[in-house]
1. How much of the calculated P(r) for segment 167-239 lies past 16 Å, in percent of all Cα pairs?
2. Where the centroid of each part is defined by its Cα atoms, how far is segment 91-112 from segment 1-65 in Å?
3. With a 1.4 Å probe and all protein chains left in place, how much of the accessible area of the chain comes from carbon and sulfur atoms, in whole percent?
4. Give, as ranges by residue number, the residues of segment 65-104 whose backbone N falls under 13 Å from the point 7 Å along Cα→Cβ of THR144.
5. For the chain, which longest stretch is free of loop sites, where a loop site is one of the GluC sites (Glu not before Pro) that DSSP puts outside H, G, I, E and B and that has at most 14 other Cβ atoms within 10 Å?
6. Roll a 1.4 Å probe over the protein chains and send me the accessible area per residue for the chain in Å².
7. Averaging the inverse of every distinct alpha carbon separation and then flipping it gives the Kirkwood radius. What is it for the chain, in angstrom units?
8. How much mean residue ellipticity at 222 nm does the chain get from its helices, if each DSSP H run of length 4 or more adds -39500 (n - 2.57) and you divide by all residues, to the nearest 500 deg cm²/dmol?
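The values are calculated or read from the model by the stated rules, or taken from the named source; none is laboratory data. Note that this is a predicted model, so its numbers are computed, not measured. Cβ placement follows ideal geometry from the backbone for every residue including glycine, while neighbour counts extend to all protein chains displayed. Note: areas computed on protein heavy atoms with side chains; ligands, DNA, RNA excluded. Shrake-Rupley method; radii C 1.70, N 1.55, O 1.52, S 1.80 Å.
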Amino acid sequence: MNDRLYMQMALDLAARGKGRTSPNPMVGAVIVKGDKVIASGYHRKPGTAHAEAAALKKAGAMAEGARLYVNLEPCCHTEKRTPPCTKAVIQSGIKEVVVAMIDPNPKVSGKGLKELRKAGIKTRTGVMKAKAIKLNEAFIKHMTRKRPFVILKIAQSLDGKIATAGGESKWITGPQARTLVHKLRNEVDALLVGIGTVLKDDPSLDCRVRGGKDPYRIIVDSRLRISLNSKVLKHDDGRTIIATTAKAGRHKLNALERLGARVLVTREARSSTRSCSLSRQKL
């Protein structure tokens, strides 16, 4: 039961990084000595200390002989901005590492635990594995299938319609649903809409959660019908991207780029994403 208690603490800590760690996973770490938590940490954003390193730094010399609970296998590779966590764990004197799940990253995937065991550290896996998988489902899909994790957001009435007979759809949902939408925007990398939504609703496509972050805004617009006065073009953060085709006019494309939008030009209206090329700017 104590294993589950400490692992839940690690999962809760990891979740604090939701929407901030991409393309890295969300990871939390808890260091326990006897039955007392002596330190904890979580990964805040790419380039910053990993959860294990943050917790070990807080624990200092007290980490010797302690147990480390972490929701994802400690990393062991060097192809990143931060040092491998396995080295820090070994040097700290930790006697046991309890992991919820193996890292799906092929650069780690069991190698981290193997390195720890080789150094004489006891390891256990599978504690609250299902919750750990659910927490990092987007990262897992990216690592195992090389595809983005997609959430479909749709508002519909009880009879299955997404608009009234007159075409009205802006307030088909209530305050709770709209709050959820902004919560999701705070947690994802990007959101995508068609040009019809932009022309009909003129949305800002921003995040209105206090302390939240705006995702990338991607608009599919094959003929660049978007108005240059659209709210979505008022942002000055370089996060508005318009996917169009060679059928779009060069004059309009240039005007959009002057407004700070990034324009992706595809070969055909229905071509795959593999045929996309950036116009002038790189993501």
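1. I get 53 percent for the Cα pairs in segment 167-239 exceeding 16 Å.
2. 13 Å
3. Its accessible area is 53 percent carbon and sulfur atoms.
4. 101-104
5. With GluC sites (Glu not before Pro) excluded where exposed in loops, the chain gives 169-267 as its longest stretch.
6. 58 Å²
7. Numbers: mean 1/r = 0.0466 Å⁻¹.
Final number for the Kirkwood radius of the chain is 21.4 Å.
8. After summing the helix terms and dividing by the residues of the chain, the value is -8500 deg cm²/dmol.
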